[in-house]
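The numbers here are math on the coordinates, done by the rules we state, and not lab data. This is a predicted model, so every value here is computed, not measured. Cβ sites come from the backbone with ideal geometry, for glycine too, and all protein chains shown count toward neighbours.
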Amino acid sequence: MQATEPLVILIEDEPQIRRFLRITLGDHGFRLVECTTAAEGLNRIEANQPDLVLLDLGLPDMDGLETTKRIREKSSVPIIVVSARDQEEQKIRALDNGADDFVTKPFGSGELLARMRAAVRRASSKNSEEKSSIFTAENVSIDFEKRIVMKGDQEVHLTPNEYDLLVVLVENSGRVLTHRQLLKQVWGDQYTNETHYLRVYMAQLRQKLEDDPARPRHLTTEAGVGYRFRP
Amino acid sequence: MLARYFFAILTVVCCTAISRLLQPAFTLSSVTLIFVFGVVIVAAIWGRGPSILAALLSVASLDFFFCEPLYCFDISSSSDLLTLAVMLVVAVSISTLTIRVKHQAIESARLAEAAEMERLRSTLLSSFSHDLRTPLATITGAATGLLETEPEKLSADQTELAKVIFEEAERLERFVANLLNMTRLEAGVIEFHKEYQPIEEVVGSALTRMESRLVDRTIGTDLAPKLPNVPIDAVLIEQVIINLIDNALKYTNKSDVIKVGSQQVSDNQIVVFVSDSGAGVPAGEENRIFDKFYRAKPEGISGFGLGLSICKAIVQAHGGRIWIENAQPGACFKFTLPTKDAQLKEGQSASNRATSYSH
């Protein structure tokens, strides 16, 4: 990983939002390149090889889905989409097509910074060779080599599908995964519309791993979008 | 009304006068065309009844003024009789066609106008939404940016002021969101993305989203085991639950307990409830609280009276019902959701507009 501060390309047409992000992100150890159109952003991504892209969904020259697809054609850089509440559909399609996460306007800078740091960290650990063989989040731990899941000091017995689902969520810890992405990764390409499978297995995982399955601490739902493992 | 028939008669009189002037040079069949033209004009301008009257009068006038023997209604030649019969049929059919074309033109103009209105309303709503929310997003972001700076850079007072800015901007954003949602629901421009899903999950995601505002409150869940999946738009039903919890937070004290739960009440219905141990709703106001801009206790409680009316609109658009029961102590908001949607199969999703919304 580079020793320097992570480079962020911000594609946002609202000058006031750029203004506060410039200050906030600068204060928290990010270098920032600002673009006001998708076309400019795409050029900059190619030229600057950033560590992260912040993409607004309301750009004047290209919609979010198209921009995400174009970025993915040339780069695997993490993309966080910034969406307004009435852009649900565009947001989900951008996530399905390779965007890593989203924040919804209005967002607090704490939430945005957390998402950005998590995305940068995931990208750099994906690139590094050494992968930890044990994952821990509070009282839940997973030993990937032995395929053992523990809650506190109790071993939890999971079915193969439950285990695979948990591993996909945990490998993307902190990041939202859409229904479609989870179904594709755990069950395969032909199952991407069978969301009821997914709901059943999520409910079972919560029963086994959460202290209060009705108010999950780790296996959280993003209504209308998908699921997120919160560490 | 009668004027239309008067104009029909007048048209036939004019046709008769013109035909009389031209008659020496033309045969009966040529003169008939002038009358057919008159009938078509009557049909286009004054509609069906007058055009039939005009057709009948035309035949009578042709018979009286132009067929041998003249100036009586007898007809001597069978070819003249045929001409008149054909004239009547042609006049009536052409006038029928003319009226149909006219109606189609009016209908397509009306549809075009409605589509244009709808487009205008959508554009207006989204630009209104954008223009109001972008500054709010900037204010929220900037205020939290201040709060995120290293603690020693801000005094306690400054931190407190930044918090005030943040909380009030968030409140305004919630209000704008409610107002826009209400307008969208009423205008029928909200898209519903229905899918069969467990209500437990929606309750959970609502509680997660409200986490930061629930830290110093006691909130419990009471979800019956084995609830059936329900065909709902998760984002909208989550909004209903959030609005109801928000309402409970506003009208109760920190020591009061709030409970969210659900149970199945019949084969085709579940009930979701949000109850609290607060003061409850004044008797007689149980229905009015769901009205737009109505507030039970305006003094000292923030809000604009939109939260509950949005709940009502969303629940009704799902085919459910919402009401309040005064419990002892406290209030219990309940709403029903159907467990079946005839147009939607389990495991499918569908998008449609909320056309079933009513006040």
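At-a-glance table
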| quantity | calculated |
| --- | --- |
| Three principal axis lengths of the protein assembly as shown [C-alpha, angstrom, descending] | 117, 67, 54 |
| Rule-of-thumb Rg ratio for region A:192-231 [Cα; 2.2 N^0.38 Å; N residues] | 1.13 |
| Radius of gyration, Dmax [chain B; alpha carbons; angstrom] | 35.4, 116 |
| Convex hull per residue volume in Å³, alpha carbons only, for chain A | 137 |
| Computed [θ] at 222 nm, deg cm²/dmol, chain B (DSSP H ≥ 4; -39,500 (n - 2.57); rounded to nearest 500) | -19500 deg cm²/dmol |
| Greater than 31 Å apart at Cα, pairs in A:LYS151/B:LYS194; A:LYS69/B:LYS226; A:LYS151/B:LYS259; A:LYS74/B:LYS163; B:LYS259/B:LYS340; A:LYS91/B:LYS340 | A:LYS151/B:LYS194; A:LYS69/B:LYS226; A:LYS74/B:LYS163 |
| Whole-Hz couplings from phi, Karplus 6.51/-1.76/1.60, listed for region A:135-149; x for Gly and Pro | 10, 9, 9, 6, 8, 9, 9, 10, 9, 5, 5, 8, 6, 10, 10 |
| Fluctuation leader among B:HIS103, B:HIS193, B:HIS318 - chain B, Gaussian network, Cα springs under 10 angstrom | B:HIS103 |
| For chain A, calculated [θ]222 nm from helices alone, where every DSSP H run of n ≥ 4 adds -39500 (n - 2.57) | -13000 deg cm²/dmol |
| Charged-residue dipole, Cβ positions (Lys, Arg, Asp, Glu), region A:1-51 about Cα centre, Debye nearest 20 | 120 |
| For the protein assembly as shown, size of Cβ-based charge dipole, Lys and Arg +1, Asp and Glu -1, in debye | 800 |
| For chain B, built as a Gaussian network whose Cα springs stay under 10 Å, the top-fluctuating residue of B:ARG288, B:ARG121, B:ARG20 | B:ARG20 |
| On Cα atoms only, tilt of B:78-148 relative to the major axis of chain B in degrees | 20 |
| Rg over Rh [alpha-carbon atoms, Kirkwood Rh] for region A:94-171 | 1.04 |
| Förster radius 56 Å - calculated FRET efficiency between A:ARG121 and B:GLN104 (Cβ-Cβ, nearest 0.05) | 0.30 |
| Translational D in µm²/s for region B:110-254 (Stokes-Einstein at 10 °C, 1.306 mPa s, Kirkwood Rh from C-alpha pairs) | 86 |
| Equivalent ellipsoid semi-axes - Cα gyration tensor, region A:114-231, angstrom | 20, 19, 15 |
| Between 0 and 90°, nearest 10: helix A:15-27 axis offset from chain A longest Cα axis | 60 |
| Choice from A:PRO78, A:PRO106, A:PRO216 with maximal GNM fluctuation in chain A (Cα, 10 Å cutoff) | A:PRO106 |
| Once the Cα gyration tensor of region B:120-167 is diagonalised, semi-axes √(5λ) in Å | 33, 9, 5 |
